[in-house]
Structures are given as structure tokens and as C-alpha cells.
Amino acid sequence: MSLQQFINEAISPWMKEEGPDSDIVMSSRIRLARNFQNYPFPIISSEERMEEILQFFKEEYAGKSFRDYHHFEVVEMDKLQSVEKRVLVEKHLISPHLTEHSKHSASLISQNEQVSIMINEEDHIRIQLYFPGFQLDRALEQASQLDDWLEEKVDYAFDENRGYLTACPTNVGTGMRASVMMHLPALAMTQQITRMTPAINQLGLVVRGIFGEGSDALGNIFQISNQITLGKSEEDIVEDLHSIVKQLIDQERKARQALMHRSGVQLEDRVFRSYGVLKHSRIIESKEAAKCLSDLRLGIDLGFIDHIPKTILNELMVLTQPGFLQQYAKESLSPSERDVRRASLIRERLQLENKE
Amino acid sequence: MDCQRCHKRPATVHLTQVINGEKTEVHVCAYCAKEQGYMSDNQDFTLNDLLSGLFNYDKSSSYKGKQSKSYQSNKQLKCPGCGLTYQEFAQIGKFGCADCYKTFDERLNPIFRRVHSGNIKHDGKIPKREGGNLHLKKQMNEYKTQLQHLIEQEEFEEAAKIRDQIRSLDEQIHHGQGGEE
Ligand SMILES: [Zn+2]
Ligand SMILES: [Zn+2]
């Protein structure tokens, strides 16, 4: 398979679109946790009861469509190779948790890959919906409609006082986690994001890196999400998150301008050095690749580079993850083999742009 | 880490078991822990659950595993739906089923307050079918707030309209819903 073909199949259709404020916000996501009223939660459930739920979803929803979300496919975890599961995690279509307990668990994935409904995760149902760019309101509206669609057939565990009942006390109430994925290179470079994080936490929101492990935000990509799910309406939670994200966007734009103003040449140098590394290296670790891709994307946003699409960051951050590299190579790779493959995949990808 | 007994679920219960003076580490899922009786309070074990800090209940009782032999819990709260006891819930930090919420209700407010910035009551979406006439009750509360506001503003004409709406809604809540209330 050619690289172009591989990319076309690997990258979710919605990820190729540019949403509002896409210079900074890569995607918006709403996740709703729901449970059946009369079934024990998966953490403590017997296999039979979990299987009943899985069968219910297969019978009722396989191949069905709802609004823009066509032909839901039931992807059963048990039937996947481990590399296939890994790829789905790297695309953020399923959670690592779902792959760790594959038995009787599945995901209903819409054709456009915007919606993934995980079955028998920590909760019986986890509805997840993505939009490109900054579109939290739309994501909430559509997720809520999907929720209503499921509720036509599912007796939800709900309590007047506690709201939607979930396995973990941290999700009870709305069962909603709203999050936004942001590229914040200037705020990261100037250490401002570290200084802002405690204040954001105070408001009941969490800031964390989403690629890589630990506190490092690989590729300067951060996820901002709500912590509190009880005692506030979905709309209020989204509004609070919205206003903080708006401020972060403004701050990031200001920081970019200030950097350009104060040290334009240095910034340009940094961008082109990173571009050079991506274009020419033969071995590259994921951390270095992420740093260089972030610089490249910043260079595109600032107008230093104009022949490469903005989506390159999102695309290559995903494609250079271990699962994807192995899928493309069609074999399992050791970490050092991956570094070689990663470098060659990035080189090839950038060459596609030069040909045009 | 997978559960070392069933290898199907994640190991969420980690404990050290002492048998004849010999220590063994046990990593099992909540389901197996229950099956194997690790979670009843007359076993010799020490727990190191990350989440346990959240459940700031009577610390002198179950966490100090070594002393737990002498500790006999009186009136152990146990969920009729899934069999989970309050102590087990505190150990794994997760509920076992919807009924757990009712069973442990009186002990949950401090936990929710900690996790949700002082909040203990849901204020969001109500499911269409499951919600029953909660929708109407919510609407009623909204009308009442509006009414109060209109009276304060001396907008009596508007207030009268709202009052009519409250009356018909009240009718619906008490009679229209097939005698649910
Ligand atoms: Zn087990
Ligand atoms: Zn229960």
C-alpha cells in the first residue's frame, strides 16, 4: 500500500477538516457515561451479564445510523489483534481501559469515526463524540441527541438526586467529560502554561498532556477538561470550559505575537531546524518527533512555511505512534526499529508535499 | 496489570497476604477479590489502594489490616443489588451497581463533596423516559423562580400568566401522570 493510501485510511475523516480556531484547537470532545439500571457494573459483573449487554447492542444497533452518524459498526475487542486495538487507541476511538478487558467489550463506531460508543468499559456505555476545532456546543448538542436515541431502548441508571449513576464517584451526575485538545507551543515555550495551570485547576478544570506519559505534554498538545460532574448542568460545565479555552486561545495568540516581535529570527531558525530534522533524519524518537512537528506546525501558522497543510501535526502525531508504525510495517517492531521507521515515514510524508 | 486469578479484568485490589508467616503479594480484580474472600474484614492483609484516601471514613477500622482480626464490623452495609459491602466500595473506590447509591446513600455526601467541589445534588440532564415527571418538577421550579422575580418587579400581568401555568402544571404532576405521585 502506498503511504498516501495508508494515510487516507488511517486518519479519521473528521480529522482532515479544519474546524473553528483550528490554528490552536485541534478537536473538541464530549464523553457521556451511562449504565443500565438492572445490571451490575462491568467492574463487578459476571461474564454472562456483560455478554447480555454486548448482544443487546449487536442486535439493536449494528449497521444502524443516526443523523450524520452512519452505519455503526460493532467492533468487538475480543476479535481484534493487539496491534489493531492499539491503533484504535492511538486514534482515540477507544480507551486503553477497553483494550485491557477485551472480553465482552466492544465499540460501536460510526462510519465517519466521529462517534464511538464503548460497551462494557468502566461503565456499560461510554458515548464519545468528536468535532474538529473548537465546537464544544455542537458536540454537546449532538452527544445529547445520541444519548436520547440510546435511551429509547435502554433503561438508564438514574437517580433524582445523584443524576446518572456511574461506577466511579468521579463521574456521577452528568456523567459528562467535555474536553478540548489544544496546540499551545508559545505558552509552553514561555513557561506560561505551567504558571496558568494551578488557576485553571482552581476552576474545576484539568490540564494535561495527551500524547506520551507523565507530565510532559508531547508536541505541546494539551487537553483541557472538566473535573466536576455533579451539581452543575451540562451547559454550564461546557460554558465554563468554553470561556477558559477562549482565554487560552487569546493568550496563545498574544504569546505567539510577542515571540515573533521579540525574537522573530530565532523563532524562524527553530522552525526550519526542526523542519530539517524531520526531512532528513534517519532515526527519530517519538519525543523529538513531537517537538519538531510542533515547531513545524507553529511555522505553518506563523507563515514561515506555506506548502504543508496544517493538519500535518495531528496526522503525524497519530501516524508515528507505535501501533500505527507497526501496522504500516506489517510486523512487530522493537523500539529502536520503530525510531528508524518513524524517521522514514515522516520523510516520505513530507516528500508527498514537495512533489506537488 | 491483569488480575492474576482470572486474567480478564484489571487488578484493582493489591494486598499482601500472610500465611504461616510467609508473605505473598496478591493482585486481583474486584470480582475475584470478592470471590476469594479477600475483601471481607477478617483476613490478614494490608491494602494500598490509591483511591482510599478519598474515602475518609472511620480509618481506625479496616485499613490497618493486621488489627482487623479483632475488628468485627457491626451492621455491615451490603448492597442488595450486587452484594458489595460499604467496606469493599471504600477499598476499590467504585460502585458495583445502581442500587449501591441508595444503599450507601447516607455515607456518600462527604465523598461527593470532596470530588465535586462541595456539590452533592445533580443539576443537569434528566432522561426522557427514566426521568418520569422529574421534567415537570424541574419546569415547576423554573416557573416559581420566574414568578418570584415578576412579583418583585411588580409585573403583575405577566405574573398572573405564570401562575396559571403553574396551576396547570401542578394538575399534570398530580393527576395527569397515571397516579405516579
Ligand atoms: Zn479476576
Ligand atoms: Zn450494588
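The values are calculated or read from the model by the stated rules, or taken from the named source; none is laboratory data. If you're wondering where the values come from, they're calculated on a predicted model, not measured in any experiment. Note: ideal-geometry Cβ built from the backbone for every residue, glycine included; neighbour counts use all protein chains shown.
What number of residues within region A:23-46 satisfy the criterion of being surrounded by fewer than 22 Cβ atoms within 10 Å (Cβ to Cβ) and not in a loop (DSSP other than H, G, I, E, B)?
Residues meeting the conditions: 3.
Taking the conditions exactly as written (under 28 Å from residue A:173 (Cα atoms), not polar (S, T, N, Q) and not in a loop (DSSP other than H, G, I, E, B)), does residue A:249 satisfy them or not? Don't jump to the end; show me each part of the working.
On the way: under 28 Å from residue A:173 (Cα atoms): no; not polar (S, T, N, Q): yes; not in a loop (DSSP other than H, G, I, E, B): yes.
Spelling it out, it is not the case that residue A:249 is under 28 Å from residue A:173 (Cα atoms), not polar (S, T, N, Q) and not in a loop (DSSP other than H, G, I, E, B).
If you go through region B:99-113 one residue at a time, do you hit one that is away from ligand 2 (no atom under 14 Å from the Cβ) and surrounded by 16 or more Cβ atoms within 10 Å (Cβ to Cβ)?
yes
Could you grab me the full set of residues in region A:223-269 that are more than 11 Å from chain B (Cβ to nearest Cβ), closer than 20 Å to residue A:180 by Cα and hydroxyl-bearing (Ser, Thr, Tyr)?
If the condition is that a residue be more than 11 Å from chain B (Cβ to nearest Cβ), closer than 20 Å to residue A:180 by Cα and hydroxyl-bearing (Ser, Thr, Tyr), then A:225, A:243 are the ones that fit.
Got at least one residue in region A:220-231 being more than 28 Å from residue A:35 (Cα to Cα) and among the aliphatic types (A, V, I, L, M)? Walk me through it before giving the result.
Residues of region A:220-231 more than 28 Å from residue A:35 (Cα to Cα): A:220-222.
Applying the additional criterion that residues be among the aliphatic types (A, V, I, L, M) yields A:221.
Yes - at least one qualifying residue is present in region A:220-231.
One line per residue, one yes/no per condition, for (1) surrounded by 20 or more Cβ atoms within 10 Å (Cβ to Cβ); (2) outside any helix (DSSP H, G or I); (3) in contact with a strand residue (DSSP E or B) (Cβ under 9 Å, 6 or more places away or on another chain):
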position	(1), (2), (3)
A:122	yes, yes, yes
A:129	yes, yes, yes
A:142	yes, no, yes
A:147	yes, no, yes
A:150	yes, no, yes
A:187	yes, no, yes
A:195	no, no, no
A:200	no, no, yes
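Given the condition farther than 28 Å from residue A:228 by Cβ, out of contact with any strand residue (DSSP E or B) (no Cβ under 6 Å at 6 or more places or on another chain), among the acidic types (Asp, Glu) and at pLDDT 95 or above, answer yes or no: does some residue in region A:52-59 qualify?
Yes, the conditions are met somewhere in region A:52-59.
Please determine whether any residue of region A:116-133 is of a type in the set (Ser, Thr, Tyr) and touching a Leu at 6+ places or on another chain (Cβ under 8 Å).
Yes: region A:116-133 contains one or more residues that are of a type in the set (Ser, Thr, Tyr) and touching a Leu at 6+ places or on another chain (Cβ under 8 Å).
With a cut-off of at least 2 residues that are more than 25 Å from residue A:19 (Cα to Cα), name the helices (runs of 4 or more DSSP H) lying wholly within region A:252-356. If you could, list the steps in order and put the result at the bottom.
Details: elements: A:286-301, A:312-319, A:322-329, A:335-355.
Fully inside region A:252-356 and qualifying: A:286-301, A:322-329, A:335-355.
Got a number for residues in region A:32-67 being touching a helix residue (DSSP H, G or I) at 6+ places or on another chain (Cβ under 8 Å) and either aliphatic (A, V, I, L, M) or away from chain B (no Cβ under 13 Å) (or both)?
The qualifying residues number 5.
For every residue, the table says whether it meets (1) more than 14 Å from chain A (Cβ to nearest Cβ); (2) in a loop (DSSP other than H, G, I, E, B); (3) farther than 30 Å from residue B:77 by Cα.
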position	(1), (2), (3)
B:107	no, no, no
B:128	no, yes, yes
B:142	no, no, yes
B:160	yes, no, yes
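Taking the residues in region B:109-123 that are more than 15 Å from residue A:165 (Cβ to Cβ) and part of a loop (DSSP other than H, G, I, E, B) as candidates, determine which candidate is nearest to the other protein chains (Cβ to nearest Cβ).
In the first step, residues of region B:109-123 are kept if they are more than 15 Å from residue A:165 (Cβ to Cβ); the result is B:109-110, B:113-114, B:117-119, B:123.
Right, trim to part of a loop (DSSP other than H, G, I, E, B) and you get B:117-119, B:123.
On the way: B:117: 5, B:118: 8, B:119: 2, B:123: 5 Å.
Residue satisfying both the conditions and the ranking: B:119.
What number of residues within region B:82-95 are touching a residue at least 40 places away in the same chain (Cβ under 8 Å), at the interface with chain A (Cβ under 9 Å from one of its Cβ atoms) and touching a Cys at 6+ places or on another chain (Cβ under 8 Å)?
3
Among the residues in region A:161-182, are any within 14 Å of another protein chain (Cβ to nearest Cβ), surrounded by fewer than 22 Cβ atoms within 10 Å (Cβ to Cβ) and farther than 23 Å from residue A:242 by Cα?
Yes.
Of the conditions (1) in contact (Cβ under 8 Å) with a residue 40 or more places away in the chain; (2) closer than 26 Å to residue A:196 by Cα, residue A:239 clears all except one; give me its number.
Unmet condition: (1).
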